[in-house]
Structure formats: C-alpha cells, structure tokens
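Asks: Here's a structure for you.
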Amino acid sequence: MNENLFASFMVPITLGIPITTLIIMFPTMLFPTPNQLINNRMITIQQWLTKLTSKQLMVTHNPKGQTWSLMLISLFLFIASTNLLGMLPHSFTPTAQLSMNLGMAIPLWAGTVFIGFRNKTKMSLAHLLPLGTPTFLIPMLVMIETISLFIQPLALAVRLTANITAGHLLLHLIGSATLALMSINLFTALITFIILTLLVILEFAVALIQAYVFTLLVSLYLQDNT
C-alpha cells in the first residue's frame, strides 16, 4: 500500500470547506475562564503553570516590555496546545504549516522592531554597525546586519515548522515500519514499537519546548528593543 507521507499535513476539508479556522480556534476551549471563588485542581494547575512561564519570560524585561506579558503567555499557550493536539491520531497540526508560522512571526517581529526604532532610534541603528568597524567594511557590514535583521522572522517560522514536521514524519515512518514488521518478525517489531513509544514521549516534550523557544525568542527580540 502506497501512503503519502505528507497526507497528515494537508489542510482538512469538510463539504468542500477548509476547517483550519475551527481547528485553530479549538485550543482556546481548553483554557476555561475561572468564574468561581475557589477554583478546581485543573484551573489551579493551569494558573500556576501560566504564572511560572510568565515569570521566566518577563523576569529580565523593563516595565515597557512587561506590558507584552499577556500577549506572550497567550502565544505560548496557543502554540503549546496546538502542538500537543497535533499529536492525536488523525489530527491536523496547524503549526506544521510555514504560512501560519510566518503569520505569527512576522507581525510579532515587526512590532518589536517598530518599538525599538520609535523609542531607541540611535541604539537600534547602532546595532547595524558593530563598534570599531574599519571604514572600508562599513557598507558591507550594514548590509549583512540588515539582512540578518530581516531573516529573524523567517528563522522563527522555519525552526518551528521544521521541528514539528520532522517529528511527525519520523513517527509516521517508524509506525509504518512497526506494522510491516509484525507480519515478518515479532521480536524486531517489538523493538521498533519500544523505539516508537520513546519517540512519542520525546515528541510531546518537543511540542512544549518548541512553543517555549518560539515565545522566548520573541521575548528576546522585545528585550533588545525596549
């Protein structure tokens, strides 16, 4: 049987209508708003994790940068929940799409750069030219630093896309190999199944780590510009 390795990355369509928007909105249902004086264990753990992550991200920021805390923690929760939901069987992972990741990375990066040029114009321009640069190298270094600045959102999006896509493809390949080996050699199939189980655990960790890395890099860009 010939299987398309990239079938799980195709946009799901129901009745001829793409349902990507509904899938992207679904994770917000997993974080209910507390409306009681005494919260249950689920909401208590959710709030504790939120505060811990927010503290780690915003500990080095000044008051101007800390105004982004709600947006950054929302970004982290959205990416993490989307990555974890993508680990479910027969599911769709929006963060495996480069277009969606660019749609998150470019506005966030542009916002931090705009803040930097508005509030610290001289310092932002000084980043384009390292101190002590020889005169004849100034045009080349300014061009290189400008290109590296514009590459930052692309690097953000490609990093997240590549890690999620590679993990899903590896799980798909090893899972297919395990099914094929069950009719050939049970001992070898058992070994590949153990490897598959370990990789699933690793992929769950990668889903959380990549969400944290994406948010942390945005936080670092913000720190450099506030």
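The values are calculated or read from the model by the stated rules, or taken from the named source; none is laboratory data. All of these numbers come straight from a predicted model, not from anything done at the bench. Cβ coordinates were reconstructed from backbone atoms using ideal geometry, including for glycine residues, and neighbour counts include every protein chain displayed. Side chains are part of the model used for accessible areas, which takes the heavy atoms of the whole protein and leaves out ligands, DNA and RNA. Shrake-Rupley method; radii C 1.70, N 1.55, O 1.52, S 1.80 Å.
Asks: Springs between alpha-carbon pairs under 10 angstrom, Gaussian network model over the chain: which of PHE187, PHE76, PHE204 fluctuates most?
Replies: Evaluated over the chain, the most mobile residue of the options is PHE187.
Asks: Sticking with this structure for a sec: Could you compute the net charge surrounding GLY65? Neighbours are other residues with a C-beta less than 15 Å from the C-beta of GLY65; K and R count +1, D and E count -1.
Replies: Counting the neighbours of GLY65, the net charge comes to +3.
Asks: Of the options LEU49, SER148, PHE92, report the single residue whose Cα projects farthest towards the positive end of the charge dipole of segment 7-225 (beta-carbon charges: Lys, Arg +1; Asp, Glu -1).
Replies: Of the listed residues, the answer is LEU49.
Asks: Largest first, how would VAL218, VAL206, VAL59 line up by accessible area (1.4 Å probe)?
Replies: Highest to lowest solvent-accessible surface, that is VAL59, VAL206, VAL218.
Asks: Oh, and also: How large, in percent, is the carbon and sulfur part of the accessible surface of segment 53-133 at a probe radius of 1.4 Å?
Replies: Carbon with sulfur: 69 percent of the solvent-accessible area.
Asks: Helix 98-119 versus the longest principal axis of the chain: what angle, 0 to 90°, nearest 10, using Cα atoms?
Replies: So the inclination is approximately 20 degrees.
Asks: Sticking with this structure for a sec: Hey, which lysines would be in cross-link range of LYS55, C-alpha to C-alpha under 23 Å, not counting anything within fewer than 8 residues on its own chain?
Replies: Candidates past the 8-residue exclusion: LYS64.
Asks: Now for a different question. Taking the Cα centre of the chain as origin and charging only Cβ (+1 Lys, Arg; -1 Asp, Glu), how large is the dipole, in debye to the nearest 20?
Replies: In debye, rounded to 20, the chain gives about 680.
Asks: At 1.4 Å probe size, with every protein chain present, just tell me what the per residue accessible area of the chain comes to in Å².
Replies: 64 Å²
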